[in-house]
Amino acid sequence: MKKPTLALAVALTATLALGGCALAPPVPARAVYDLGPASAATAPGGELAWRIADVTAPPWLSSEGIAYRLSFQQAQRLEQYRDSFWAAPPAALLTQRLRQQLATSPASSACTGRPPTLLTVNLDEFEQVFTSPGSSLAVMRVHATLWPAGATGPTLQKHWRLERAAGPDAPGAVRALSQAVDDWLPQLGAWLAASACR
């Protein structure tokens with residue numbers, strides 16, 4: 001009986017390798033999300049009433065992971081989706097969106113001749129909370145502080161908590177959290193308009 005030739009051995013090896021690849025489980029695609037396109041904004045009509053600092057967040061929000069919590073099972077345990085991620089940490093995405101939206105807001109007449117105040121924003125919670133296996137909410141908690149220039153006035157602060165119904169998966173979490181951000185920005189803008197230079 002003749003021994004297999006080198007070419008035949010190589011062919012058999014390649015066939016076995018391809019067969020092994022076919023039997024291996026598929027690797028899920030990595031999905032990356034941001035907050036979506038910002039709404040159209042008008043050009044500013046004058047100097048801004050505030051400077052916008054980078055948004056800060058606690059350590060558990062410092063990665064690109066999309067966080068969720070199974071409150072019906074173990075509310076103290078924070079998880080992250082395995083194959084779905086934010087394009088940047090949530091605080092960085094929120095900083096970008098803030099500057100896109102608020103940089104077009106001109107100062108009121110009360111701010112004329114005054115240096116701009118400093119706006120700082122802290123993102124305290126930004127996660128999906130499951131109340132049952134098929135039901136979840138997107139929860140966003142945030143607080144903003146206005147620091148007067150030169151410490152010439154009072155420091156003002158306001159807290160918000162927004163909840164939006166979310167689908168029971170990563171895309172559902174992203175849509176609902178992005179909607180919470182879009183709903184919060186006008187509320188922040190109204191507070192700034194009423195508080196800046198007062």
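Values quoted throughout were computed directly from the atomic coordinates according to the rules given, and no laboratory measurement underlies them. Note that the structure is predicted; figures quoted are calculated from it, not measured. Cβ placement follows ideal geometry from the backbone for every residue including glycine, while neighbour counts extend to all protein chains displayed.
Close amide H pairs (under 5 Å, H built 1.01 Å from N) link Leu156 with Leu146, residues at least 5 positions away or on another chain.
Take 175-188, 65-78 and order them by the average number of nearby Cβ atoms within 10 Å per residue, most first; the result is 175-188, 65-78. Modelled spin labels at Lys158 and Arg51, positioned 7 Å past Cα toward Cβ, are 2.3 nm from each other.
In order along segment 116-127, the Karplus-derived 3J(HN,Hα) couplings, from 6.51 cos²θ - 1.76 cosθ + 1.60 at θ = phi - 60°, round to x, 7, 9, 9, 10, 10, 10, 8, 8, 8, 7, 8 Hz, and Gly and Pro are given as x. What the Cβ-Cβ distance of Asp183 and Ala103 gives, at R0 = 22 Å and to the nearest 0.05, is a FRET efficiency of 0.65. Computed extension length for Trp60-Arg82: 6.4 nm, one decimal, from 0.36 nm per residue of separation with the Cα-Cα distance subtracted.
The distance between label points at Ser71 and Asn122 comes to 2.2 nm (points 7 Å beyond Cα on the Cα→Cβ vector).
Each residue of segment 54-70 in turn: what ³J(HN,Hα) in whole Hz from Karplus with 6.51, -1.76, 1.60 and θ = phi - 60°, glycine and Pro shown as x? Result, rounded to whole Hz: 4, 5, 10, 8, x, x, 6, 10, 8, 9, 8, x, 8, 8, 9, 9, 8.
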